[in-house]
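**Q** Mind having a look at this structure? Questions to follow.
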Amino acid sequence: MAQYELNFRDYWRILRRRLWVILLTILLVAGGAIYYNNSQTSIYQATAQIRIERPRSLAGTLMDSLLTTRYYENPLITEAQSIQSRPIAEEVARRLRLVDEEQDPVGFQRLVSQVQGSITAKPMQQTSLISIVASGADPDWITDVANLTAHVYIEQNLYQKTHQAREVREFIESQLTLTEQRLKAAEEQQTALREQGITGQAVALEQQLFKLQTERAELLTRATELHPGVGRLDSQITELDAQLRQLPATELEYARVSRELKVNEESYANLRKKLEEARIAEAEKTEDAQIVNPAMRPSAPIRPNKQLGYLVGSLLGVMLGVAMAFVTESLDTSLGTIEDVESLLQVPVLGILPHIRITHIVKKEFRFAQRQFGLKKRSPPIPEPMHTALFVHFYPKAPEAEAFRALRTNLKISPERKVLLITSSGPREGKTNVTSNLGVAFAQAGSRVLLVASDLRKPELPKALGIRRDIGLTEVLAGSVPVEKAIRSFADFAMGKLGFSQAVQTPGLDNLFLLSSGHIPTNPSEILGSQTMRDLIQQLRRQYDLVILDSPPLLPVADGMLLAPLVDGVVLIYEVGRTARAALVRTKTQVETTGGKILGIVLNHIRPESYYPAYPYYRYRYRYDTSEAEEPAERATKGT
């Protein structure tokens, strides 16, 4: 296995061979970085710092409590958001006097948005400072914007504080008037009750009752309801309640009025005190914010950092250059790549299959039929997936079909080489399409060909041929269905999705047979590796000229490894660029370890122009004679 692994010398050889790719990539990326840095607008930044002082005086503390201002963990965040607000930006735009708000309102709003977008306010950690940062292309303009923003914020903050203090003072005055009215009414009501000879006994009883209830609550914090003191207090409370209920209603009314009078007196005194403090706060004009560091005109831009850009561009160019060297090596479809694959794997390249652009081919055939037979203008037919799986059948005269015939020739089928396994390293490398088209190519040459859908995990071959997979290999290996009944022939193709008219379109399909996959089993590896499968392959070898097995990818599952020793040869399908070469080497090693024999490798999905420079000329000059163009014309008119 070691002889197939890429070592340091191999990587160094690839880098030396692709040196032009590395140098070109470095030149392009570094040149792009230089152009990008030089074309970028220089951005300057000016910073002004302000300090936010929280009120510490009694009046200031009162303002905080009266205004019910709620500060979160960091109140500077709220102030920073206020600095970036649109009202601040509008006032700054007015003071810049660059656009007349009345004559050009649209331009003024555009200026406001520009000012607001250039300002960023950030609280500084562990301090009461806020940095007002202005960014832009004009250093003088951003300096003015940063300083004006700081001044406008301080002025509006002071105005808002004064305005709120006045509102608080007016609110206290209105509440004080209402409280004074309620106090006066309570005093008059108490005086009237006294004139009726009220002694105030209920007031004294309520005071005693309140005192006893307080003592009981305090005692319950230390003892339970069973404590003797609690029982004594309960009896006293009950006695006082009984005495209160025996008093006249006027006595109880007098007690209620007394309580209300006391509450109003306390409220009135508290409001008088707060009114004086509110008047003091309104008279104060202390600024909570002060400019600590005004913005200075910046001397150098903050971005772009051209030196760093040049360095990053150069390093990125080197890394991308090396990556592109290996990508180019893996995607290389030149003759040298074929030689490398043969040298690396020590197996021949059996064929080079072009990427079949079925939609493009159908459109060209349709336009050719229009020109030859004067068909009315209409949209070309939409090709079905079956057209790719049976491309050799639908388009036998297409140059792409010649690639499958060349592969047929290179395989050199003989009595000792008549059971083949078509597989690949990974999924989606086109092995199913290669299997079906290769089978059609052999069938057109007169060989009796059986295609076996041995992919029991994700069978695609029956679907590609338009055949249901209800009965197939799984049932044959299980012994529930004889192999003769499970094999599908020309009649099944004609009755299936392909249709009779399409089945007879090109001769040779009557030599093609299919053994479908059947139902998907729970243990495909055990079924494919059984003695029954070995016996089945020997039986099919005697009945057909060629048996082609379509197996799952070799690296993800072990099914293909079990089938490799049972066949005469393994054909690896390799899509350049999809599967790494290391994976291809590992695939070959695993096949040989299990006793399988690799006949060669097929490069799939290759652009023909990459291998045949004269391919467009060949396709144009060596088109089949127009007298035989009835077939593509019929296909175009039938909508295939």
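The values are calculated or read from the model by the stated rules, or taken from the named source; none is laboratory data. Worth saying up front: this structure is predicted, and the values here are computed from it rather than measured. Glycine also receives a Cβ, built like all others from the backbone with ideal geometry; neighbour counts cover every protein chain displayed.
**Q** Could you tell me which residue of segment 397-431 is surrounded by the most Cβ atoms within 10 Å (Cβ to Cβ), considering only residues that are closer than 16 Å to G508 by Cβ and at pLDDT below 85?
**A** A398
**Q** Within segment 513-529, track down each residue that is touching a Leu at 6+ places or on another chain (Cβ under 7 Å) and either without any contact (Cβ under 8 Å) to a residue 40 or more places away in the chain or in a strand (DSSP E or B) (or both).
**A** F513, L514, L515, S525, G529
**Q** Among the candidates I83, I43, which residue alone is under 30 Å from A137 (Cα atoms), over 34 Å from the mean Cα position of the chain (by Cα) and modelled with pLDDT of 85 or more?
**A** Values: I43 fails: over 34 Å from the mean Cα position of the chain (by Cα).
Going through I83, I43 in turn, the sole match is I83.
**Q** Right, next: Tell me which residues, restricted to segment 134-161, are within 37 Å of the chain's Cα centre (by Cα) and either surrounded by 19 or more Cβ atoms within 10 Å (Cβ to Cβ) or assigned to a helix (DSSP H, G or I) (or both).
**A** Keep residues of segment 134-161 that are within 37 Å of the chain's Cα centre (by Cα), which gives 134-137.
Result: A134, S135, G136.
Results for (1) touching a Lys or Arg at 6+ places or on another chain (Cβ under 9 Å); (2) of a type in the set (K, R), shown as yes or no for each residue.
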site: Q181; (1), (2): no, no
site: Q213; (1), (2): no, no
site: A217; (1), (2): no, no
site: T224; (1), (2): no, no
site: H227; (1), (2): no, no
site: V230; (1), (2): yes, no
site: Q243; (1), (2): no, no
site: P248; (1), (2): no, no
site: R256; (1), (2): no, yes
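**Q** Of all residues in segment 493-512, count the ones that are touching a residue at least 12 places away in the same chain (Cβ under 8 Å), exposed (fewer than 14 other Cβ atoms within 10 Å of the Cβ) and either among the aromatic types (F, W, Y) or outside any loop (DSSP other than H, G, I, E, B) (or both).
**A** Selection size over segment 493-512: 1.
**Q** Which residues, taken from segment 557-578, are part of a loop (DSSP other than H, G, I, E, B) and either among the aromatic types (F, W, Y) or free of Cβ contacts under 8 Å to residues at least 40 places away in the same chain (or both)? Quick ask: steps written out before the conclusion?
**A** First pass over segment 557-578, keeping only residues part of a loop (DSSP other than H, G, I, E, B): 557-558, 567-568, 577-578.
Of everything in segment 557-578, just one residue is part of a loop (DSSP other than H, G, I, E, B) and either among the aromatic types (F, W, Y) or free of Cβ contacts under 8 Å to residues at least 40 places away in the same chain (or both), namely A558.
**Q** Right, something else. Scan segment 218-277 residue by residue and report those that are among the basic types (K, R) and within 60 Å of the chain's Cα centre (by Cα). Walk me through how you get there before you give the answer.
**A** Step one: of segment 218-277, the residues among the basic types (K, R) are 222, 232, 245, 256, 259, 262, 272-274.
Selection gives K274 alone.
**Q** In segment 27-51, which residues are in contact with a strand residue (DSSP E or B) (Cβ under 9 Å, 6 or more places away or on another chain) and either of a type outside the set (S, T, Y) or loosely packed, with under 15 Cβ neighbours inside 10 Å (or both)? Explain how you work it out, then say what you get.
**A** Of segment 27-51, the ones in contact with a strand residue (DSSP E or B) (Cβ under 9 Å, 6 or more places away or on another chain) are 40, 42-51.
If the condition is that a residue be in contact with a strand residue (DSSP E or B) (Cβ under 9 Å, 6 or more places away or on another chain) and either of a type outside the set (S, T, Y) or loosely packed, with under 15 Cβ neighbours inside 10 Å (or both), then Q40, S42, I43, Q45, A46, A48, Q49, I50, R51 are the ones that fit.
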